[in-house]
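> Below you'll find the structure I mean.
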Amino acid sequence: MKLNPKIKAGCGVLTVFGLGFGIGVISLLFVIAKVVPLSEGWKSQESKEFVANHIANRLKLTEEQRVEVRPIVEEALESRWTLRREYLMEDRRLMEEVFLPKIDQLLTEEQRERARQMLERWRKDQRLKLGDPERAKQATHPE
């Protein structure tokens, strides 16, 4: 049985599209899993090195310039982390002390339970953003 050339062409187009789509998905997963944490996780030394090397490569810095720029990048990342931590802590305080008490009186008991569950998931996410979960817990709820 002889196949229609249009069917062969259609299968070829689908195959090429499928391969391109598959490679794109794999590339996206790699970026999400590997590159984003390094570029956004400025608390670790590995992330600081990644950001410093990225800047140095994009600017085509000489080795002498890399040595001089490195401490500046690390200082900027530390300042950025301090600002972000302060923002996250204030955001948490605002949610727990201002927003939730105001809406609590408007909710039914079932809605309050859902709100508590939502808040607990949000707190967990915040602790992960702040770094060490135990340290973040102690910082927000000193005993």
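> For residues that are free of Cβ contacts under 8 Å to residues at least 12 places away in the same chain, surrounded by 11 or more Cβ atoms within 10 Å (Cβ to Cβ) and acidic (D, E), scanning just region 92-121, find the one that is nearest to F50 (Cα to Cα).
E113
> Here is a further query. Scan region 53-91 for residues that are aromatic (F, W, Y) and open to solvent by less than 70 Å² (accessible area, probe 1.4 Å) and jot them down.
Going through region 53-91, the residues aromatic (F, W, Y) turn out to be 81, 87.
Matches in region 53-91: W81 only.
> While we're on this one: Do we have any residue at all in region 32-46 that's at pLDDT 85 or above and either loosely packed, with under 11 Cβ neighbours inside 10 Å or touching a strand residue (DSSP E or B) at 6+ places or on another chain (Cβ under 6 Å) (or both)?
Looking for residues that are at pLDDT 85 or above and either loosely packed, with under 11 Cβ neighbours inside 10 Å or touching a strand residue (DSSP E or B) at 6+ places or on another chain (Cβ under 6 Å) (or both), one finds none in region 32-46, hence no.
> To continue, here is another question. Going by the structure shown, is R66 of a type in the set (K, R), part of a helix (DSSP H, G or I) and modelled with pLDDT under 90? Talk me through it step by step, then tell me what you get.
Numbers: of a type in the set (K, R): yes; part of a helix (DSSP H, G or I): yes; modelled with pLDDT under 90: no.
It is false that R66 is of a type in the set (K, R), part of a helix (DSSP H, G or I) and modelled with pLDDT under 90.
The values are calculated or read from the model by the stated rules, or taken from the named source; none is laboratory data. This is a predicted model, so every value here is computed, not measured. Virtual Cβ from ideal backbone geometry, glycine too; neighbours counted across all protein chains shown. We work out accessible area using only protein heavy atoms, side chains counted, and drop any ligands, DNA or RNA first. Shrake-Rupley method; radii C 1.70, N 1.55, O 1.52, S 1.80 Å.
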